[in-house]
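Remarks on the structure that follows.
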Amino acid sequence: MSDATTGTLRVKTGLAEMLKGGVIMDVVNVEQAKIAEDAGAVAVMALERVPADIRASGGVARMADPTITEAIVGAVSIPVMAKCRIGHFVEAQILQSLGVDYIDESEVLTPADEEHHVNKWDFTVPFVCGCRNLGEALRRIGEGASMVRTKGEPGTGNVVEAVRHIRAVTDEISWLSGLRPEQLFAAAKDLQAPYDLVKWVAENRKLPVVNFSAGGIATPADAALMMQLGCDGVFVGSGIFKSGDPSKRAKAIVEATTHFEDAEIIARVSRNLGEAMVGINISDIPPAERMQERGW
Amino acid sequence: MKVGVLALQGAFREHIVSLEALGVTALAVRLPEQLDGCDGLVIPGGESTAIGKLMETYGFYEAVARRHEEGMAIWGTCAGAILLARSVLDALPGQRTLGLMDIAVRRNAYGRQSESFEVGLDVSGLSGGPYTGVFIRAPWIESVGEGVEALARHAGRIVAAREGDLMATTFHPELTGDPRIHRLFVEQVVGSPRA
């Protein structure tokens, strides 16, 4: 009988496999975390402020106060994720020491390094990272991310960027799948991604890790749309706790994510949810303030 | 033979792939009426609270119990083992289970994700050497009733068990590509006489 090994790639990607078909919800306190767990969230993202409030308040957004993260870790039995700044490996070390189950190296916070992301192979705890296209996804996986999420545009309640990003990823996977082996070297150069991962994707016609959708999902129909477009599950940030009836909306989004191909069920759960969060048109956000541009 | 895989949330796709590789007709089950005609059911890994709430909303507790009564075999992996158990330690207040199998399961028994691990297991009835158990925020089986056979242990705790046409594993055979435990379920547990 061999000894038990922790922190293996299979154990890290395996937790993401268990989250599939589920909804991960942003929460800023214990009360919200319990509402999310009770609504059927598969995990919560512990934050100091949801993206809509980060966007509104401006300034530098950092890792949450450990008190908030610890309180949420202690309050729910489902996995807890937390965000560190891009490239801020000390924030990541702190989050690992707090016992979080997944670290999101996130563009929602202000980047700490404009050239390098965290070397995620250094950690026992798994990482999820954002991407807008296949090259970005494979660069993050090359750095050790064991789950990715398309970025969308956080804190907007506008699904258009999330759709753009999942379509980019799936279109590029289709393109790679049609290439001859000798073309994959040039494809890796064009995608600016590790050759071995490019070859794997071309042969398997899918990403090597689980891919969720994030950034702009506000309704059950939005969640089902992202699932039909090929995402494995959804993150809902501001969309739940910036709406009129968070508990009811959270449950409805959970049901729509499971039954994403059943229009009758999606119609039923979409009734009388109260007010959705007020959305923002992407063209009204100056390019420099678009969070999706962060990360490289 | 037709085996349903409960597809409310979690790693159901991997179970379907593993079952189809054995030549079994595997079906993603999202509504209770899809259980009709299933000889076996796999309840996959995922979040037991999330799967349990969706089971409640869609009437699965009654439907699964009724189909089991009619002879449908059931295998629960990880969250699925929790949902099969008669009692759950460290459960969420009011967390409901099927309560079909005479085992007591402790949720998140090994700790948080940093403590998730893989290890070689000796599984009773499997030839061909140790089976790699992938344990992810896994439960363990704290105690079993009479008539329940422990199939595997790790560090003194039961991690796989069988009671007639019910089987529970607290690890994830669907993540390893090793077909032996799926084969055990299909060939020996499905269609076995009621204990």
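Among the residues of the range B:142-160, those that are closer than 17 Å to B:Glu118 by Cα and part of a strand (DSSP E or B) comprise B:Ala152, B:Arg153, B:His154, B:Arg157, B:Ile158, B:Val159, B:Ala160. Total residues in the range B:143-159 satisfying the condition of being among the hydrophobic types (A, V, I, L, M, F, W, C), crowded, with 21+ Cβ neighbours inside 10 Å and within 14 Å of chain A (Cβ to nearest Cβ): the figure is 2.
Only one of the numbered conditions (1) in a helix (DSSP H, G or I); (2) at pLDDT 95 or above is violated by A:Asp53, and that is (2). When B:Ile74, B:Ile43 are checked against the criterion of being at pLDDT 95 or above, within 22 Å of A:Val254 (Cα to Cα), crowded, with 16+ Cβ neighbours inside 10 Å and out of contact with any Lys or Arg (no Cβ under 6 Å at 6 or more places or on another chain), a single residue qualifies: B:Ile43.
Among the residues of the range B:160-194, the one identified as closer than 22 Å to A:Thr8 by Cα, surrounded by 23 or more Cβ atoms within 10 Å (Cβ to Cβ) and of a type in the set (D, E, K, R) is B:Glu174. Among the conditions (1) farther than 22 Å from A:Met18 by Cβ; (2) within 16 Å of the chain's Cα centre (by Cα), the only one that A:Ala223 does not satisfy is (1). For the range A:133-153, a tally of residues being touching a strand residue (DSSP E or B) at 6+ places or on another chain (Cβ under 8 Å), buried (at least 23 other Cβ atoms within 10 Å of the Cβ) and assigned to a loop (DSSP other than H, G, I, E, B) returns 4.
The number of residues in the range A:95-122 that are hydroxyl-bearing (Ser, Thr, Tyr) and surrounded by 18 or more Cβ atoms within 10 Å (Cβ to Cβ) comes to 2. A Cβ distance below 7 Å, combined with a sequence gap of six or more or placement on separate chains, defines the contacts here; from the range A:171-200, residues that are in contact (Cβ under 8 Å) with a residue 40 or more places away in the chain reach residues that are charged (D, E, K, R) and surrounded by 15 or more Cβ atoms within 10 Å (Cβ to Cβ) in the pairs A:Gln192/A:Arg139; A:Ala193/A:Arg139.
Please work out if A:Ala92 is among the small types (Gly, Ala, Ser) and surrounded by 24 or more Cβ atoms within 10 Å (Cβ to Cβ). The answer is yes for A:Ala92.
Does at least one position in the range A:14-26 carry a residue that is β-branched (Val, Ile, Thr), more than 13 Å from chain B (Cβ to nearest Cβ) and touching a helix residue (DSSP H, G or I) at 6+ places or on another chain (Cβ under 8 Å)? No, the conditions are met nowhere in the range A:14-26. Has the range B:108-120 got any residue that is at the interface with chain A (Cβ under 8 Å from one of its Cβ atoms), part of a strand (DSSP E or B), crowded, with 22+ Cβ neighbours inside 10 Å and in contact with a His (Cβ under 8 Å, 6 or more places away or on another chain)? For the range B:108-120, residues at the interface with chain A (Cβ under 8 Å from one of its Cβ atoms), part of a strand (DSSP E or B), crowded, with 22+ Cβ neighbours inside 10 Å and in contact with a His (Cβ under 8 Å, 6 or more places away or on another chain): absent.
Mind checking which residues of the range A:154-173 are surrounded by fewer than 20 Cβ atoms within 10 Å (Cβ to Cβ) and either over 22 Å from A:Val234 (Cα atoms) or hydrophobic (A, V, I, L, M, F, W, C) (or both)? Within the range A:154-173, A:Val160, A:Val163, A:Ala168, A:Ile173 meet the criteria. Taking the criterion of being in a helix (DSSP H, G or I) and surrounded by fewer than 20 Cβ atoms within 10 Å (Cβ to Cβ), the residues of the range A:266-296 that qualify are A:Ala267, A:Arg268, A:Ile282, A:Ser283, A:Asp284, A:Pro287, A:Ala288, A:Glu289, A:Glu293. In the set (1) within 14 Å of chain A (Cβ to nearest Cβ); (2) assigned to a helix (DSSP H, G or I), the condition left unmet by B:His68 is number (1).
Among the residues of the range A:208-220, those identified as in contact with a helix residue (DSSP H, G or I) (Cβ under 6 Å, 6 or more places away or on another chain) and either of a type in the set (A, V, I, L, M) or assigned to a loop (DSSP other than H, G, I, E, B) (or both) are A:Pro208, A:Val209, A:Val210, A:Gly215, A:Gly216, A:Ile217, A:Ala218.
Go through (1) more than 14 Å from chain B (Cβ to nearest Cβ); (2) more than 22 Å from A:Asp232 (Cα to Cα); (3) among the polar types (S, T, N, Q) one by one and return the number of the condition A:Gln96 breaks. So A:Gln96 meets the others, but not (1).
The residues listed here are A:Val118, A:Val125, A:Val108, A:Val90; of these, the one that is within 14 Å of chain B (Cβ to nearest Cβ) and not in a strand (DSSP E or B) is A:Val125.
The values are calculated or read from the model by the stated rules, or taken from the named source; none is laboratory data. Since we're looking at a predicted model, the values are computed, not measured. Virtual Cβ from ideal backbone geometry, glycine too; neighbours counted across all protein chains shown.
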